[in-house]
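Asker: I have a structure I would like to understand better, so I am pasting it below and will then ask my questions one at a time.
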Amino acid sequence: MSEITRDVVIIGAGAAGLTAANALRRQGLSVAVLEARDRVGGRLWTDTIEGAMLEIGGQWISPDQTALIETVAELGLSTFSRYRDGDSVYVGPDGTPVRFTGDLFPAGPETERVIAEITARLDEMVAEIDPDRPWAHPKAAEWDAISWDAWLRSQTDDDEAVRNLAFATGSAMLTKPTHAFSLLQSLHMAASAGSYTNLVDADFILDKRVVGGLQQVPLLLAERLGDDVFRSQPVRTLEWGEDGVTAVSDSMTVHARQALLAAAPILYDRISFVPPLPRRQHQLHQHLSMGFVIKVHAVYDRPFWREQGLSGTAFSPYELSHEAYDNTNFGDERGTLVGFVSDQHADDVFALDADERRARILESLSHYYGPEAKEPIVYYESDWGSEEWTRGAYAASFDLGGLHRYGADLRTAVGPIHFACSDMAGAGFQHVDGAIRMGRLVADQIAEAVRG
Ligand code: FDA
């Protein structure tokens, strides 16, 4: 068992923890980053599967995500745009694929009118929400007491409109059934991206990717920290008091003045806190849960859909894969599609054997792109639900009523223990940008605490 002393111990080498560690070092403080996995990056993971480079975790950057954009530039990485030339495809309730351009799904004039009207209403509500303090809105309690689905259904009885409006924050973002989270949580998700309109605009929210993969961000941040990053060190115990903290993993003990817990909040209970965390934290952490989505990668010898004038962008609230995109790597001759299977659909297909699951998912993709979609040369499912140190995707959010009740305390430090993660961000909530923002913010708070 090795024993070291630092100013700050950071638990978790994801984007939040590594950003904070670098910021603290720049402020003259010594750090040790303990990471449970044998790799850094957490939910950022770029790997080569059967010869194809795949973004197993996060990958896209939107123009408002300035903290991530700055970090990418500062690390000397370059970006490229998601392929978007040509028609998008929408599959409606009758199962027929319909080509379209622009943001509005071709759901028929009356349904399109209803969607536009409710979108305008949502944009007004979102504009009133402070993404850092959604609980401070005068109607926070009321909006947190009604599910996203129930609120939408109170606005219209057009089922197709409801399904299309619901899935932007449901299947596509929080990756939970729309009855499982509140209107307030949905508005917060949209506020974190600037507006509801931004969130439904794929060309905005899924704008750019990093050449060579987004995991380079944590890899390069960790490289700067050199020997201060310790892999395969799951922190099991965190002793804390007025004199500081002691983090204990299976083979290391780190004494420090302050600690940063930079893991997803649903994993805090994997650590034994001595003494236990206060009542408030015990309660609030139980009201957070991870969403669940399978990110499906299908690689083909060429991007065959482009030959048909298709952009690769596809949506349907009626399909197993509710959204799919051209995810071809920079400079790659092969074509890659990425599809997403969310929440209860993900439960259902994981109950099947692997061959049946693959067949069902590829069948769904073929409804957008035609039969050729069923014959990829590489097929891979990102299964974050099976990852012990993540347990779902993309991120954690509150249950019904939890956000206004507990949200304000999620980021509040407990003695020398501070918290940072994308799952508690305002701008960039549940995104890498939010993780970086939280890392920067909490590093400043820790530096101030150390200086006393
Ligand atoms: P993160 O979870 O990455 O890091 C926490 C680290 O703590 C992990 O490395 C974990 O192993 C470690 N840890 C946990 N417990 C520990 C313990 N007890 N001891 C030591 N270490 C411990 N975002 C985006 O901006 N664009 C996108 O396109 C996507 N797409 C996307 C797809 C998929 C499939 C996923 C899973 C996620 C995304 N995201 C995304 C979300 C994005 O990846 C995510 O919000 C951030 O990477 C989270 O960074 P954090 O540092 O906050 O947590």
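The values are calculated or read from the model by the stated rules, or taken from the named source; none is laboratory data. Note that the structure is predicted; figures quoted are calculated from it, not measured. Reconstructed Cβ throughout: ideal geometry from the backbone, glycine too, with neighbour counts over all protein chains shown. In case anyone asks, the SASA skips ligands and DNA or RNA and just uses the protein heavy atoms, side chains included. Shrake-Rupley method; radii C 1.70, N 1.55, O 1.52, S 1.80 Å.
Asker: Excluding residues on the same chain fewer than 8 positions from Lys208, give the lysines whose Cα lies under 29 Å from its Cα.
Answerer: Straight-distance partners of Lys208: Lys176, Lys295, Lys374.
Asker: In square nanometres and to one decimal, what's the mean projected area of the convex hull around the Cα atoms of segment 105-200?
Answerer: 5.4
Asker: Please state, to two decimals, what the Cα-based radius of gyration of the chain comes to when divided by 2.2 N^0.38 Å (N = residues).
Answerer: On the way: Rg = 21.9 Å, N = 452, 2.2 N^0.38 = 22.5 Å.
So the Cα radius of gyration is 0.98 times the expected 2.2 N^0.38 Å.
Asker: Nearest 10 degrees is fine. How inclined is helix 216-225 to the longest principal axis of the chain, computing both from alpha carbons?
Answerer: That works out to roughly 10 degrees.
Asker: Which percent of the accessible heavy-atom area of the chain goes to carbon and sulfur, probe 1.4 angstrom?
Answerer: Of all accessible area on the chain, carbon and sulfur atoms account for 48 percent.
Asker: Give the distance, in whole Å, between the Cα centre of segment 287-353 and the Cα centre of segment 376-452.
Answerer: First find each Cα centre; the distance between them is then 25 Å.
Asker: From the Cα gyration tensor of segment 277-417, with a ≥ b ≥ c the square roots of its eigenvalues, which class applies: rounded if a/c is under 1.5, or else prolate if a/b is larger than b/c, or else oblate?
Answerer: Verdict is prolate for segment 277-417.
Asker: For the chain, find the longest principal axis of its Cα atoms and tell me its angle to the long axis of helix 159-169, 0 to 90°, nearest 10.
Answerer: In the chain, helix 159-169 runs at an angle near 30 degrees to the longest axis.
Asker: Round to the nearest 10 and give me the degree value, 0 to 90, for the angle of helix 432-451's Cα axis relative to the longest principal axis of the chain.
Answerer: Its long axis makes an angle of about 10 degrees.
Asker: Here's another thing I want to ask about it. Per residue, how large is the accessible surface of the chain? Use a 1.4 angstrom probe and give square angstrom.
Answerer: Using a 1.4 Å probe on heavy atoms only, each residue of the chain averages 38 Å².
Asker: Oh, and also: If exposed GluC sites (Glu not before Pro) are those in a DSSP loop with at most 16 other Cβ within 10 Å, what is the longest stretch of the chain that has none?
Answerer: 129-241
Asker: Obtain the nm distance between the two label points defined at Ser78 and Asp444 by a simple spin-label model: each point lies 7 Å from its Cα along the Cα-to-C-beta direction.
Answerer: Result for the modelled spin labels: 3.3 nm.
Asker: FRET efficiency for Asp347 and Glu70, Cβ-Cβ distance as r, R0 = 41 Å, nearest 0.05?
Answerer: So, using R0 = 41 Å, E works out to roughly 0.60.
Asker: When the chain is fully extended, how far beyond the present Cα-Cα distance does Asp409 get from Thr237, taking 0.36 nm per residue of separation?
Answerer: Numbers: separation 172, 0.36 × 172 = 61.92 nm, distance 2.21 nm.
The span from Asp409 to Thr237 would gain 59.7 nm if fully extended.
Asker: Additional query: Cα atoms only: what Rg and Dmax, in Å, come out for segment 335-391?
Answerer: 12.1, 37
Asker: Kindly state, to the nearest 0.05, the FRET efficiency for Ala120 paired with Glu356, given R0 = 45 Å and r defined as their beta-carbon distance.
Answerer: That pair, Ala120 with Glu356, gives E of 0.60.
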